Amino acid sequence: MIRYISSFSVKTLHSMVNRGLLCMLALSRPDADIVVEATASAAGAFVRVLEDTGKKALIRRLWVNSWPGKPATLLRYLQSAFHNAAALCRSSKGDTLIYNYNNVFSLALLNFLSRCILRQRHIIIVCHGEMEYLANSGHTKAYKRLMSWLTRRFFTATPPEKLSADINFIVLGDVILRQLKSYLPGYMLERFHSVDHPVSVPSAARKAAHRNGKIRLGTVGILNRYKGADTYLRLLDSFGGDYGPLEFSAIGQIQSDLDGFRARGIRLAANPREALPDDEFNDMVSELDYILLFYPADNYRLIASGALLDTLRFRKPVIAISTAYFRYFFEKFGAVGYLCDNADDMGSLIRRLDDMQPSAFDFDAALHKLTPESLAPRFGEILTLCGVRR
């Protein structure tokens with residue numbers, strides 16, 4: 001039996017990658033029995049994925065809080081860690097457990113249980129933003145320092161004899177796997193595999209038409225200081241309050257200076273402190289002409305960007321500061337917008353948009369390579385390398 005565990009993401013958080021991974025699993029192991037253990041608010045999306053792939057929907061709903069705010073998020077990490085360990089305790093010899101989110105609060109416990117008590121289960125953990133803690137450890141906030149310590153302690157300080165033989169990891173991009181060589185010991189790196197981040201196209205996606213002569217630009221997804229919120233505010237200030245033909249948005253959960261965006265007349269979601277419902281997100285992004293990403297150039301060395309992939313889902317060109325992951329993506333899948341050296345270059349390009357001839361980007365070619373159907377064979381290879389039977 002294969003257990004697919006989604007114990008942290010609530011509502012639409014990480015929805016695209018979580019659904020994509022389950023679809024890849026179902027397609028690559030069509031004869032396997034799959035049980036999904038998922039948070040109650042996200043379970044319905046997984047039911048639809050299984051039904052679309054012809055699988056019987058076997059769902060175990062998990063309760064975790066979905067409240068906004070740092071204390072609630074920390075509590076959800078702990079609740080998720082409990083569910084992760086419980087899922088392993090419920091498993092049987094020969095089972096495969098795929099954790100679609102690497103909760104660093106449960107890493108050491110899962111490794112201990114797998115090594116000492118619950119042997120002969122294949123454990124595969126999909127890594128996300130937590131891997132960036134290996135490259136950037138100088139955090140000021142207490143909870144980030146804790147997560148950084150947990151991440152670095154497990155991946156760089158676990159001796160080989162205390163690493164379970166049945167645990168493996170997946171990162172979402174070949175470039176991330178290559179860059180991990182600078183941060184991980186060889187015996188740990190041997191447990192890592194890579195597959196690209198899957199993309200799904202929303203049924204509600206549509207092309208935008210200029211409204212009242214406006215060019216609409218906006219960020220998508222979670223926006224905080226780490227993802228360039230302060231840089232966005234400085235860019236807006238450089239216009240001196242006169243955006244001319246430009247209309248700016250921040251579409252998604254704002255985890256920083258919300259009042260600062262409101263004061264600058266930026267279009268926001270109805271409830272910008274929480275993750276957006278799919279319909280509202282799809283509608284707002286569909287109305288954009290360009291997607292803006294302000295991630296600092298020294299970030300996103302060890303993280304894939306789901307926000308970048310929204311450029312494919314909605315066929316909207318991106319304007320972004322160049323990062324290692326973005327350069328990798330453009331080289332492997334083709335340009336889907338404009339990469340700039342820094343925020344000043346972004347501002348210069350944005351000011352010229354009204355006079356520029358729109359470029360034609362081949363979104364469909366890139367999208368075809370990143371659908372769950374296209375990535376399923378590679379995902380199946382990883383499962384085989386990890387000892388999961390066909």
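Things worth noting here:
- Lone qualifier among Ala32, Ala87 - being more than 20 Å from the chain's Cα centre (by Cα) and at pLDDT 95 or above: Ala87
- Scope the range 340-368; condition open to solvent by 100 Å² or more (accessible area, probe 1.4 Å) and part of a helix (DSSP H, G or I); matching residues: Asp344, Arg351, Arg352, Asp355, His368
- The range 11-41 - residue that is touching a His at 6+ places or on another chain (Cβ under 9 Å) and under 21 Å from Gly221 (Cα atoms) and, of those, surrounded by the most Cβ atoms within 10 Å (Cβ to Cβ): Gly20
- For the range 326-336, a residue qualifies if it is open to solvent by 10 Å² or more (accessible area, probe 1.4 Å) and touching a strand residue (DSSP E or B) at 6+ places or on another chain (Cβ under 9 Å), and the qualifying residues are Arg327, Phe330.
- Only one of the numbered conditions (1) more than 30 Å from Ser164 (Cβ to Cβ); (2) modelled with pLDDT of 80 or more; (3) among the aliphatic types (A, V, I, L, M) is not met by Val201, and that is (2).
- Number of positions in the range 232-250 that are in contact with a helix residue (DSSP H, G or I) (Cβ under 7 Å, 6 or more places away or on another chain) and within 22 Å of Lys70 (Cβ to Cβ): 2
- Among the residues making up the range 48-70, a single one is among the acidic types (Asp, Glu) and more than 23 Å from the chain's Cα centre (by Cα): Glu51.
- Restricting the range 312-325 to residues that are more than 12 Å from Asp298 (Cβ to Cβ) and in contact with a strand residue (DSSP E or B) (Cβ under 6 Å, 6 or more places away or on another chain), the residue that is surrounded by the fewest Cβ atoms within 10 Å (Cβ to Cβ) is Pro317.
- Any hit, the range 98-115, residues being among the hydrophobic types (A, V, I, L, M, F, W, C), open to solvent by less than 50 Å² (accessible area, probe 1.4 Å) and out of contact with any helix residue (DSSP H, G or I) (no Cβ under 8 Å at 6 or more places or on another chain): no
- On inspection, Ala250 does not qualify as more than 22 Å from Asp364 (Cβ to Cβ), over 16 Å from the mean Cα position of the chain (by Cα) and surrounded by fewer than 18 Cβ atoms within 10 Å (Cβ to Cβ).
- Here is the figure for the range 326-346: residues that are more than 11 Å from Ala297 (Cβ to Cβ) and not acidic (Asp, Glu) total 11.
- Residue within the range 57-65 that is open to solvent by 10 Å² or more (accessible area, probe 1.4 Å), within 21 Å of Ile382 (Cβ to Cβ) and among the aliphatic types (A, V, I, L, M) present: no
- Between Arg301, Arg378, the distinction of being open to solvent by 20 Å² or more (accessible area, probe 1.4 Å) and more than 29 Å from Lys70 (Cα to Cα) belongs to Arg378 only.
- Residue within the range 217-237 that is among the acidic types (Asp, Glu), in a loop (DSSP other than H, G, I, E, B) and either at pLDDT below 95 or in contact with an Asp or Glu (Cβ under 8 Å, 6 or more places away or on another chain) (or both) present: no
- First in the range 368-390 and of a type in the set (S, T, N, Q), second anywhere and at pLDDT 95 or above and open to solvent by 30 Å² or more (accessible area, probe 1.4 Å), Cβ under 6 Å, 6 or more apart: none
- Helices (runs of 4 or more DSSP H) enclosed by the range 109-199 - at least 1 residues per element that are out of contact with any Pro (no Cβ under 8 Å at 6 or more places or on another chain) and acidic (Asp, Glu): 174-179
- Of the criteria (1) outside any helix (DSSP H, G or I); (2) without any contact (Cβ under 8 Å) to a residue 60 or more places away in the chain; (3) touching a Ser or Thr at 6+ places or on another chain (Cβ under 6 Å), which one Asn103 fails: (2)
- So Leu308, is it open to solvent by less than 10 Å² (accessible area, probe 1.4 Å) and either part of a loop (DSSP other than H, G, I, E, B) or of a type in the set (Asp, Glu) (or both): no
- Qualifying residue in the range 4-17 (condition: free of Cβ contacts under 8 Å to residues at least 40 places away in the same chain and either part of a helix (DSSP H, G or I) or not small (Gly, Ala, Ser) (or both)): no
- Qualifying position, being touching a Lys or Arg at 6+ places or on another chain (Cβ under 9 Å), surrounded by 15 or more Cβ atoms within 10 Å (Cβ to Cβ) and not β-branched (Val, Ile, Thr), among Asn84, Asn136: Asn136
- Residue among Ser182, Ser164, Ser194, Ser200 that is crowded, with 17+ Cβ neighbours inside 10 Å and more than 21 Å from the chain's Cα centre (by Cα): Ser164
The values are calculated or read from the model by the stated rules, or taken from the named source; none is laboratory data. This is a predicted model, so every value here is computed, not measured. With ideal geometry, Cβ positions are generated from the backbone for all residues, glycine too; neighbour counts draw on all protein chains shown. Please note that ligands, DNA and RNA were not included when accessible areas were found on the heavy atoms of the full protein model with its side chains. Shrake-Rupley method; radii C 1.70, N 1.55, O 1.52, S 1.80 Å.
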